[in-house]
Amino acid sequence: MLILVSVTGKKMEGLPDVAAFATELKKTLIQYHSIEDDKWRVVKKTKDVTIWRKPSEEFNGHLFKAQGVIDDIVNSVIDNIRPGPCRLDWDSLMTSLDVLEHFEENCCVMRYTTAGQLWNIISPREFVDFSYTVGYKEGLLSCGISLDWSEKRPEFVRGYNHPCGWFCVPLKDTPNQSLLTGYIQTDLRGMIPQSAVDTAMASTLINFYGDLRKVLRKA
């Protein structure tokens, strides 16, 4: 049985009004996207990616923000991020991905697993997420939130993604380049120090941009 948890934390038995659920998720991500710059603290920076964080309002952890320019058009970038076979071809953290249910072309439930991190201090994790991709201004937003899914596999710890997503818009002066901004707040669960989670999350987001750039250069 599928039990969806709304963005406000309310559990819903069975399948809810998917359109309303997706709209609420989109609104939450747009709220994150409008948080003032002075609320964020830089935690990691390379020449082409910056990672910030602030305390999450959803759980006892952090909301991370990542931003960098990608040398490709919006549709190509999001096609590689959204659920589908492309994602496994390049995302070094993700070890499996299955779409469990399609609602429409841009909306689904997926189950995926991630590799161990920090020399396996963080063991492999499993997530079951509701995913929604929608237009945003001149670009696209691909967003998601974890669901309470009753079927569990003992070899994985079940993690939980609070509302998260990726905004991708073309650069004004160079439309063949895209500005990709992500908001991630993941409760990895299990007995892990928060400092280890934060270290892993910042490094994972930096690697995410590197992996994505590599696959797009090959295309």
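The values are calculated or read from the model by the stated rules, or taken from the named source; none is laboratory data. Everything quoted here is computed from the prediction, not taken from an experiment. Neighbour counts run over all protein chains shown; Cβ positions are idealised from the backbone, glycine included. Note: areas computed on protein heavy atoms with side chains; ligands, DNA, RNA excluded. Shrake-Rupley method; radii C 1.70, N 1.55, O 1.52, S 1.80 Å.
Here are some notes:
- Top-ranked residue in the range 76-113 [being touching a helix residue (DSSP H, G or I) at 6+ places or on another chain (Cβ under 9 Å) and among the hydroxyl-bearing types (Ser, Thr, Tyr); ranked as farthest from Ala196 (Cα to Cα)]: Ser76
- Residues in the range 167-201 that are small (Gly, Ala, Ser) and crowded, with 18+ Cβ neighbours inside 10 Å were compared, and the one that is farthest from Val43 (Cα to Cα) is Ser178.
- Meets criteria (free of Cβ contacts under 8 Å to residues at least 12 places away in the same chain, within 18 Å of the chain's Cα centre (by Cα) and open to solvent by 30 Å² or more (accessible area, probe 1.4 Å)) for Glu57: yes
- The range 66-89 - residue that is touching a strand residue (DSSP E or B) at 6+ places or on another chain (Cβ under 6 Å), touching a residue at least 40 places away in the same chain (Cβ under 8 Å) and part of a helix (DSSP H, G or I) and, of those, nearest to Lys137 (Cα to Cα): Val74
- Single match in Val128, Val215, Val134 (criterion: aliphatic (A, V, I, L, M), touching a Lys or Arg at 6+ places or on another chain (Cβ under 8 Å), within 30 Å of Glu104 (Cβ to Cβ) and surrounded by fewer than 19 Cβ atoms within 10 Å (Cβ to Cβ)): Val134
- Here Ile35 fulfils each of the conditions (1) in a loop (DSSP other than H, G, I, E, B); (2) open to solvent by 60 Å² or more (accessible area, probe 1.4 Å); (3) under 23 Å from Lys137 (Cα atoms) apart from (2).
- Residues located in the range 18-32, provided they are β-branched (Val, Ile, Thr), open to solvent by less than 50 Å² (accessible area, probe 1.4 Å) and modelled with pLDDT under 95: Val18
- Within the range 66-113, tally of residues that are open to solvent by less than 20 Å² (accessible area, probe 1.4 Å) and of a type in the set (D, E, K, R): 1
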